[in-house]
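The values are calculated or read from the model by the stated rules, or taken from the named source; none is laboratory data. Since the structure is predicted, the reported quantities are computational estimates derived from the model, not experimental observations. Reconstructed Cβ throughout: ideal geometry from the backbone, glycine too, with neighbour counts over all protein chains shown. The protein model used for the area step is the full one, side chains on, heavy atoms only, and it has no ligands, DNA or RNA in it. Shrake-Rupley method; radii C 1.70, N 1.55, O 1.52, S 1.80 Å.
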Amino acid sequence: MDILLVEDQRMDIELMLYALKKSRSPCNIVVMQNGQDALNYLLDDNSENQHAGHSWPNLILLDLKMPGIDGHQVLAKIKQTKHLKQIPVVILTSSSELKDRIRCYDSGANSYMVKPSSYHEFKMLIDKIREYWLELNTAAEDS
Amino acid sequence: MTEDKLKNVSHYFSMLDYIHGGVCLLQKDYTVLFWNECLEDWTGISKGDIIGQEIDQFYPHLKEPKYRERFSTVFEGGPPAVFSSQFHKYVFPCFLSRKRLRIQHTTVEGIRLDDDNEIYAFIACQDVTDLTERIHAYRTMRDQAVEEVKERERAQQALQEAMKELESFSYSISHDLRAPLRAIQGFSEILAKEYSTSLDEVGQHFLNNVVEAGTQMNQLIDDLLAYCRISDGQEQGYIIPLQQLFEKIHRQISNQLHEQQGILELPGITPDIYVNESLLMQIIMNLITNGLLYHRKNIPPIVKVSCEIKNDFLLLRVNDNGIGISKEYHEKIFEVFQRLHANEEIQGTGIGLANVKKATTLLGGVLSLESTVGEGSEFFIQLPIQNKNKIDIMKNYV
Amino acid sequence: MSNNTRVLLIEDNKFDRELVKYALQSSDATFQVIDACSAREFEAHLENSQFDVVLTDFNILGFGGLVVVNSVRKKFPDIPVIVITGTGSEQIAVESLKSGANDYIVKTPQHIRRLPYAIAAALEKMRLDQEARKSEQEIRELNEKLQEKVSERTAELEAFTSSVSHDLRAPLRRIYGFCYALKEECDDQLNEPGRDFLSRIIKSVDHMRLLIDGLIDLSKAMDKEMIYVSVDLSYIAHEIMNELKNDDPDRQVEITIVKDAKTHGEHKLLRVALTNLLQNAWKYTRPNNKPHIEFGILETTKDWVSYFVRDNGIGFDMQHKDEIFEVFKRLHTEDEFPGDGIGLATVKQIITRHRGKIWTNAIKDEGATFYFRLPTYHNAKDFHASNNSTDR
């Protein structure tokens, strides 16, 4: 799996999927609509999948404002978990508030992006993120 | 001038030595027949020196027409002359201190003595220095106070105008954003109506999303406008009995209840008080709607409203069996646009609770919340009752 | 005169005490005389403060009458003190009054008669003074409260404005996104009118986004923190004009910018203000064959510097000179000149927050000049002081 998308807003999910579909190279995307589900997915993997090495995403796109466990808590948990903390986590949120940014970077977020208001820029951003983290960036482990 | 006459006069007027004002008796030829102790004291001229003498020798200014004429009138049997402190500070100048003169109010009356047909001038001088000064000070202070009140009114007006400007600014925002929104919604509706059949499934889905997002924005702006109106104080609603309000709510909510398959319990017995209809409607409706909306999956919402009167306050409780609100958000949810839940299953926008808070504040009340995640919430509102039976906007809210 | 006025009499001479009491008795009002014949007694009574007015002899045995005046003044500023003096000298009178006594009375039978009136007058004056002070206090508090309310309200509206703008962006983006997707994927499924509706929706979205972005600018302009730094307006103007030229390289516009226009203020905000003004000039000179835009200094005084942005574009009718600074006020339609109607409101907000003024002069079809003046601050302290002193 290439990208784990953790986002609660249905329409934003659709738009992101659409943008990624139209990009130069297609990727596999798994969507989780709340933090708890995302953590369950990442943490409760059984040992079979672990060995196979397929189950973990190459990139996690994480929204902050979600019901239940919010993005901050998901981020913290990921970065505290030995087998997860090397996965790049890009925060993709509508909040540009300083305290959110600080908290995310303190917790070890790899990048913080604010969702642009213009759809075109949004589309471009998704594409750039994909290009940067999946093509340009070298991961810790070969997947 | 006989010795006798002087003796008689002195005897006759001896009591006048004890009074607090100056007394002088003048004969027609301006000879001083009596000069009381007070005048001695005030002027420093002793009786011995002045009695039997002409007054002009001590006070030449009395030869001036403005005094002469009026004294003559008195001597001729005319009406008394009054030298009021406003125009003549004194007839006999008397110094309080080196620089300060006594301010006096002097009357000159014609009187007769014995069987004598002569008219004598009875001059009475009242010291009104203190009084005059006090009046002056008072007037100054009063003028200052009036000026200050005017100043305050001007400041208040300026501030109110500034506030009005800010108010209309926010109203403008909500209002003027509607025009493009109308276009968006209008055209997308047309597209949906006319073209959904010619679009494939994907296309129809996209179009539905456009319509839905448009509706969301519309709702948002509606709520914003409502918020502005409350802030404006334009919600100067009618005052109706609380019982009537609950009846209205019951009628309005029935559709929503049916949709959500929810249950609403309103108070059985309502206290006999009158309330600001629109503000209380905002508060109770928003809370009920929230309670119905944020219900737990597969569990029909039950919202209970209860009220009681305690000590001059109306205590309102709205509780629900919904998803609850985590403690860390208890403050934030009352801010405009705080949304804690995905909008996929639940359609509220974030402004309802801000309206509740605003309306509560306007009524001079307090709002609190208790909630357990996964079990439900209770909103508790305490509103002061004015004039024994009314709940309305608190006047000191500028 | 109120009844039963309590008089603290500080007099060590028995006969003088009698004199005073006699004078007080002979008036209509009732007085209760409390005697203090020594320093110790005086101090004791001072502690108890069970009196309304103090009468003190000028030459009190053991301590001077002026000491009494001072002590009473310090401890009970609202209680009048009257000095009674045996001598009647001018000097004493002046000294007494200077050290805070309300009045002085000479100890002769005649003068002493004035005592009840003097007491009444002194009490009355104190009362009036107190009232005046109280109402002054009240007025000040009321004004403060009003100020507070306005600040609160302004802060609320700011939060509101930024919330509005911020949270409207998401649905807007989605509408656009799905319209775009529709165009991409289903263009062939729509006929001409259908495509037209779609593009109209998209246009409205753009328009709305402009509005919202403008509002965000405006709400930032209303924001609290103003950081005081040196700002080179000439440099900023050059930058802005370069950007405009880059975006629109085909346009030939003559540009004049004054050298070294330096001031102090909030850098970001001043930049936004100048950007809006220059952008406007750029936009509204479009129809002109020989467009000319100028940024210059009108006047420099000890306290102000006045600047202007002038263009020879389409201008406007001066009857609108006030309303163009209002939010959403546009004098032209969207088709003629795209815009959000917020720019000038933002400029005005920014200039006002700098304690400046903005005004305009224009002739329809000939051009417009926007003037603004900024106060000269000599240091940061002055800037912040003047910004905190009144409401925003």
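Side notes on the structure shown:
- Partner shielding of B:182-189 amounts to 6, given as the average count of beta-carbon atoms from other chains within 10 Å of each residue beta-carbon.
- Nearest-10 value in Å² for the accessible area of residue C:203, using the 1.4 Å probe: 140
- Rolled with a 1.4 Å probe across the full set of protein chains, the surface gives residue C:303 an accessible area near 80 Å².
- Three-way shape call for segment C:5-65 based on the alpha-carbon gyration tensor, with the a/c threshold at 1.5: oblate
- Annotation: per residue accessible area for segment B:3-127 equals 54 Å², rounded to a whole number [probe 1.4 Å, protein chains only].
- Gyration tensor (alpha-carbon) shape descriptor, segment B:3-127, a/c threshold 1.5: oblate
- Taking A:85, A:99, A:123 in turn, the Gaussian network model of chain A (Cα-Cα springs below 10 Å) assigns the largest fluctuation to A:99.
- Overall form of segment B:1-61 per C-alpha gyration tensor (a/c, 1.5; a/b vs b/c): oblate
- Summed side-chain charge close to residue A:104 - residues other than residue A:104 whose Cβ falls under 15 Å, Lys, Arg +1, Asp, Glu -1: +3
- Estimated at the nearest 10 Å², the accessible area of residue B:193 is 150 Å² with a 1.4 Å probe.
- Largest accessible area first, the listed residues A:32, A:66 line up as A:32, A:66 when surface is computed with a 1.4 Å probe on the assembled protein chains.
- Each other residue within a Cβ distance under 14 Å of residue B:300 adds +1 if Lys or Arg and -1 if Asp or Glu, for a net charge of 0.
- Accessible-area ranking of B:197, C:256, largest first, probe 1.4 Å: B:197, C:256
- Spin-label model, residue A:142 to residue B:148: label points 7 Å out along the Cα-to-beta-carbon direction sit 8.7 nm apart.
- Accessible surface, 1.4 Å probe, highest first, among residues B:212, B:259: B:259, B:212
- Interface C:B - total buried accessible surface [probe 1.4 Å, Å², rounded to 100]: 5800
- Contact surface C-A: accessible area buried, both sides summed, square angstrom, 1.4 angstrom probe: 1500
- Only protein atoms count toward the accessible area here, which uses a 1.4 Å probe; on segment B:3-127, the carbon and sulfur part of that area reaches 49 percent.
- Stretching the chain fully between residue B:66 and residue B:15 yields a gain of 15.3 nm (0.36 nm per residue, less the alpha carbon separation).
- Dividing the convex hull volume of the alpha-carbon atoms in segment A:7-134 by its residue count gives 103 Å³ per residue.
- Accessible surface of chain A, 1.4 Å probe, proportion on carbon and sulfur as whole %: 48
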